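*Asks:* Before we start, here is the structure in question, set down as structure tokens.
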Amino acid sequence: MRSTAAPSPRYKGRRSRSPGEARRAGAAPAPGSRHPLPAAMGRQSCSLVLAVALLSLSTTSARKCELQGLWKNELGSNMTLSALDAAGAFTGSYHTAVAATNKRIVVSPLKGAQQHPSTKGKVTFGFTVQWQFADSITVFVGQCFVDRQGKETLETTWLLREEVPSRRDSWKATRIGTNIFTRIK
Ligand code: BTN
């Protein structure tokens, strides 16, 4: 049904708005005039797209720092690391390119743990390689980093303990070094 009520006095004889008032009230522009809203919206959506792109870039690279996979170091050694279990433990195999012994190199098992298993950022970890062709053992500790291009590196420090015949030789039984691993797969 149509209302028979008298129109509210504020609709009576409303003077026309100034351009500023019209803009503030969001009124439609006069025919032929340029509306400032589309330009402002364009700028806003551009910034939004840029922000989302930057955000996704940073989260992508942060997400990519995972230990699982196939890695190689600057000596040419390769290692494969498994997925983490719930406690952050992992296993793997190590194929060293170099050795302190003259024995034939054999792929050897490794066991390790990642600190804070649910994290995928710049995680710290450690693992032990139990050489199958020597009496020595090596422990690695390290941290995973990702550069701006998303390239991951494992920066590690290792200690290699070789078996010596007596305590008198203990002074020369431990080597220390660093290795940087990059992802193959
Ligand atoms: C040995 O020769 O006693 C066993 C092999 C040791 C290989 C070492 S472990 C640290 C360094 N990084 C490598 O990739 N290989 C060597």
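The values are calculated or read from the model by the stated rules, or taken from the named source; none is laboratory data. Since we're looking at a predicted model, the values are computed, not measured. A quick note on method: Cβ atoms are made from the backbone with ideal geometry, for glycine too, and the neighbour counts reach across all protein chains shown.
*Asks:* So, of the residues in the range 142-163 that are of a type in the set (Val, Ile, Thr) and within 12 Å of the ligand (Cβ to nearest atom), which turns out to be surrounded by the most Cβ atoms within 10 Å (Cβ to Cβ)?
*Replies:* For the range 142-163, the residue satisfying everything is THR156.
*Asks:* Residues of the range 115-147 being touching a residue at least 60 places away in the same chain (Cβ under 8 Å) and assigned to a strand (DSSP E or B), which ones?
*Replies:* Within the range 115-147, CYS144, PHE145, VAL146 qualify.
*Asks:* Pick from the range 59-110 the residues that are of a type in the set (Gly, Ala, Ser), assigned to a strand (DSSP E or B) and touching a residue at least 24 places away in the same chain (Cβ under 8 Å): which of them is farthest from VAL146 (Cα to Cα)?
*Replies:* Per the stated criteria, the residue is SER108.
*Asks:* To continue, here is another question. Any residue that is buried (at least 16 other Cβ atoms within 10 Å of the Cβ) and among the β-branched types (Val, Ile, Thr) - is there at least one of those in the range 168-182?
*Replies:* Within the range 168-182 (the criterion being buried (at least 16 other Cβ atoms within 10 Å of the Cβ) and among the β-branched types (Val, Ile, Thr)), the answer is no, since none of the residues qualifies.
*Asks:* Okay, next question. Mind listing just one residue for me: the one in the range 114-140 that is modelled with pLDDT of 95 or more, more than 16 Å from the ligand (Cβ to nearest atom) and buried (at least 16 other Cβ atoms within 10 Å of the Cβ) and, of those, farthest from GLY92 (Cα to Cα)?
*Replies:* VAL123
*Asks:* Does ASP169 satisfy the condition of being of a type in the set (Asp, Glu), more than 11 Å from the ligand (Cβ to nearest atom) and outside any strand (DSSP E or B)?
*Replies:* Against the criterion (of a type in the set (Asp, Glu), more than 11 Å from the ligand (Cβ to nearest atom) and outside any strand (DSSP E or B)), ASP169 qualifies.
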